[in-house]
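Novice: The structure that follows is given in the form of structure tokens.
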Amino acid sequence: MKKSKLKILGKTEFGNPILKKNVARLSKSEILSSDTQQLIANMRYTLQEKNYGIALAAPQIGKSLALAVIHIRPTKIRPNLPKSKWADLVIINPKITKTYGAKIPTWEGCISLAEVFAKVPRYKKVQVEYLDENAVKLTRTFEGLLAQVIQHEIDHLNGILFVDRVKDARTFMSGSEYRKRIVSKNPSGE
């Protein structure tokens, strides 16, 4: 499949109804289509070039599809993220099939809610069943930051924003306060 020129995709922001909807699951033929392959390439390119964050779900770029691209690298929020925590992953039609332990409140933000952060209860370890960009079915277990990101992205595909999961509203803060109070004390951002 020949991909056309890569382009940076615009983001969908808080208040747009697409962020609160369940998305359409993709068939294997849809995944392998040139349109979906181009979309995945553009989502990767957008994450690399725009520094929106570390992951991007299709609803965040205006597409109601069960697709997310994860590109974990150092960012202004996690400037010293160790290389062992970096990840590149495409998850399509993902489903959490097993969780481990109790949920732990962990700091989160979202490019659709620019400059807002709060603590969200997430599992530290999850097992996920999904299709990759080649329509291959996989079941993998993820831990730590990657597990948190996957839960966040799966929520996007189910019309749930991180603010919907916040249990303690006192943890909400602006991006500048988050960087001053949280990131400055823990540069890895975890």
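Novice: Are any residues in the stretch 24-63 among the hydroxyl-bearing types (Ser, Thr, Tyr) and over 19 Å from residue 113 (Cβ atoms), and if so, which ones?
Specialist: Listed by number, the residues that qualify are 27, 29, 33, 34, 36, 45.
Novice: Which of the residues that make up the stretch 61-87 are within 24 Å of residue 160 (Cβ to Cβ), out of contact with any Asp or Glu (no Cβ under 9 Å at 6 or more places or on another chain) and of a type outside the set (A, V, I, L, M, F, W, C)?
Specialist: If the condition is that a residue be within 24 Å of residue 160 (Cβ to Cβ), out of contact with any Asp or Glu (no Cβ under 9 Å at 6 or more places or on another chain) and of a type outside the set (A, V, I, L, M, F, W, C), then 62, 63, 64, 75 are the ones that fit.
Novice: For the stretch 54-67, state whether one or more residues are more than 22 Å from residue 22 (Cα to Cα) and surrounded by fewer than 19 Cβ atoms within 10 Å (Cβ to Cβ).
Specialist: no
Novice: I'd like to check something: does the stretch 163-172 contain any residue that is part of a strand (DSSP E or B), of a type outside the set (A, V, I, L, M), closer than 24 Å to residue 24 by Cα and in contact (Cβ under 8 Å) with a residue 24 or more places away in the chain?
Specialist: Here is the first cut: in the stretch 163-172, the ones part of a strand (DSSP E or B) are none.
Within the stretch 163-172 (the criterion being part of a strand (DSSP E or B), of a type outside the set (A, V, I, L, M), closer than 24 Å to residue 24 by Cα and in contact (Cβ under 8 Å) with a residue 24 or more places away in the chain), the answer is no, since none of the residues qualifies.
Novice: Among the residues of the stretch 91-115, what is the count of those that are of a type in the set (A, V, I, L, M) and modelled with pLDDT under 95?
Specialist: Within the stretch 91-115, the first condition is being of a type in the set (A, V, I, L, M), and the residues that meet it are 91-92, 96, 102, 104, 111, 113-114.
Adding the requirement that they be modelled with pLDDT under 95 leaves 111, 113-114.
The total comes to 3.
Novice: Another one. Output yes when any residue across the stretch 74-90 is surrounded by 15 or more Cβ atoms within 10 Å (Cβ to Cβ) and at pLDDT 95 or above, and no when none is.
Specialist: yes
Novice: Could you figure out which of (1) in contact with a His (Cβ under 7 Å, 6 or more places away or on another chain); (2) part of a helix (DSSP H, G or I) isn't true of residue 108?
Specialist: (2)
Novice: Can you tell me which residue within the stretch 9-47, out of those that are part of a helix (DSSP H, G or I) and of a type in the set (Lys, Arg), is surrounded by the most Cβ atoms within 10 Å (Cβ to Cβ)? Quick ask: steps written out before the conclusion?
Specialist: If we filter the stretch 9-47 for residues that are part of a helix (DSSP H, G or I), which is where we start, we get 17-20, 28-32, 34-47.
Next cut, of a type in the set (Lys, Arg) only: 20, 28, 44.
Numbers: 20: 14, 28: 14, 44: 18.
Selected residue: 44.
Novice: Please go through the stretch 91-112 and give me each residue that is aliphatic (A, V, I, L, M) and either buried (at least 16 other Cβ atoms within 10 Å of the Cβ) or in contact with a helix residue (DSSP H, G or I) (Cβ under 7 Å, 6 or more places away or on another chain) (or both), ordered by number. Break it down stepwise before answering.
Specialist: So the first thing to find is which residues in the stretch 91-112 are aliphatic (A, V, I, L, M), and the list is 91-92, 96, 102, 104, 111.
Hits for the stretch 91-112 are 91, 92, 96, 111.
Quick grid of which residues meet (1) in contact (Cβ under 8 Å) with a residue 12 or more places away in the chain; (2) within 23 Å of residue 14 (Cα to Cα); (3) in a strand (DSSP E or B); (4) touching a Ser or Thr at 6+ places or on another chain (Cβ under 7 Å):
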position	(1), (2), (3), (4)
81	yes, no, no, yes
98	yes, no, yes, no
133	yes, no, no, no
138	no, no, yes, no
141	yes, no, yes, no
146	yes, no, no, no
150	yes, yes, no, no
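The values are calculated or read from the model by the stated rules, or taken from the named source; none is laboratory data. Please read these numbers as outputs of a predicted model, since none were measured by experiment. Counting neighbours? That spans all protein chains shown, and the Cβs are built from the backbone with ideal geometry, glycine included.
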